[in-house]
Amino acid sequence: LLLLLLTSTSCNRFCFVDSFSLDDLTNPKHLDDVVCIVLVSSGRAGTTKMMADLGVVNEIFPIHEPFYATQLHDSVPTPSYEDLFTCEVYRKNPRSVLWTYPCTYTPMFARDHSKCTYHPEIYGVDAYNACITRRIRIIKTIRFHKFNNLVFPSQCKSKKIILNIRHPWRNGLSIFKMGWGVGEIRTREDAVQELKKMMTIRCKIVSKSVSLVNAIHQQGKANVSFHGFIHEEGNAGQSSYANEIAVLDFIYKDDLMEKGEMWGYRVYSRIRTQYVKHVHNNKRMHFADFTVHKHHQEYLKLLTDEDFNNIRNDVLSTNACQHILKTMRQIHERNKKYDYLRMEQEQ
């Protein structure tokens, strides 16, 4: 019977959306055990790709940057965490979500990507139907410092927060290259001031998000599980690759691994094997190449090595940046212990 369950080709709880069809879905019984996850990240830290990859697991519904539309347009109402986790936002007020993200990076409901962005009323129905049939719902935001009134609805039987941090220097430098919030630059002094401003702002934003997440974690608010990850530099994307696998492990750890259920463990092993293969074959996202503005890279050429060192030393010595670096060290130490315990458990 176990072998039959594991080799079954029917698409129920554990499968991938390569051949996804809404018509294949019924009302799964497992929806009385909804897992609600908030992924808090610094910008340019690989989480857009992570969410796109997690979306290939058929019982995971990724909710990309749901507060972006509110930030762009004051007239757009802010969706509540409750409406997002219960999927009601897609049914009641689909225009409160910026559809660029779900239409581009969520492959499960948009039949026509070119039209999806501009027709939230139509695709809101698809999104709602897809969302309510998926037990694991993940909200990813780099805007937690502004939209931190986190309330998990009663439907959430399991609650988790994931914190993903990139080194503040690399984080600010990457955002500077993107041109996000960068003022006019004509001279070397302009470049120095704009880069320093960017670094300072990013440290304050990420530091606030870190403090808010730590407060929730330390207070043990509503039995929320917590895990932190660091977006490391270099290694041809190996850090993002490792983090994506670790996030999947964390999502399923309470659900299947800790219960010691042999069936659950073996089923998850199948999911993990497929997921590893998918992530390995999709190491880069196309948008990462063409959205970097060439003229901002040119402005960096105005700066000398001494300029970079001075800016880096000045900014990283601030309290906000030191707070981030301290948290990164704590996460690093915790994850070393976590990885050791996980390897021991698997052995």
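The values are calculated or read from the model by the stated rules, or taken from the named source; none is laboratory data. This is a predicted model, so every value here is computed, not measured. Ideal geometry is used to build each Cβ from the backbone, glycine not excepted, and the neighbour counts take in all protein chains shown. Please note that ligands, DNA and RNA were not included when accessible areas were found on the heavy atoms of the full protein model with its side chains. Shrake-Rupley method; radii C 1.70, N 1.55, O 1.52, S 1.80 Å.
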- Points 7 angstrom from Cα along the Cβ direction at E184 and Q297: gap in nanometres? 2.5
- Query: Suppose R0 equals 35 Å; then what is the FRET efficiency for S269 and Q330 from their Cβ-Cβ distance, rounded to the nearest 0.05?
  - Reply: 0.70
- Pop the C-beta distance of R95 and D33 into the FRET formula with R0 = 41 Å and round what comes out to the nearest 0.05. 0.85
- Note on the range 99-231: C-alpha Rg/Rh, Kirkwood Rh, two decimals, gives 1.05
- Item | Segment S317-H280, extension gain: residue separation times 0.36 nm, minus the distance between their alpha carbons | 9.6 nm
- Query: R329 accessible area, nearest 10 Å², 1.4 Å probe?
  - Reply: 140
- State which entries of K157/K253; K49/K157; K49/K277; K140/K196; K92/K159; K157/K336 exceed 18 angstrom in Cα-Cα distance in the structure shown. K49/K157; K140/K196; K92/K159; K157/K336
- Message: What is the sum of charges, Lys and Arg at +1 and Asp and Glu at -1, for the other residues whose Cβ falls under 9 Å from the Cβ of H167?
- Response: 0
- Query: Using a Förster distance of 45 Å, how high is the FRET efficiency between Q155 and K197, based on the Cβ-Cβ distance and rounded to 0.05?
  - Reply: 0.60
- Heavy-atom surface of the range 61-198, accessible at 1.4 Å and reported per residue (Å²): 41
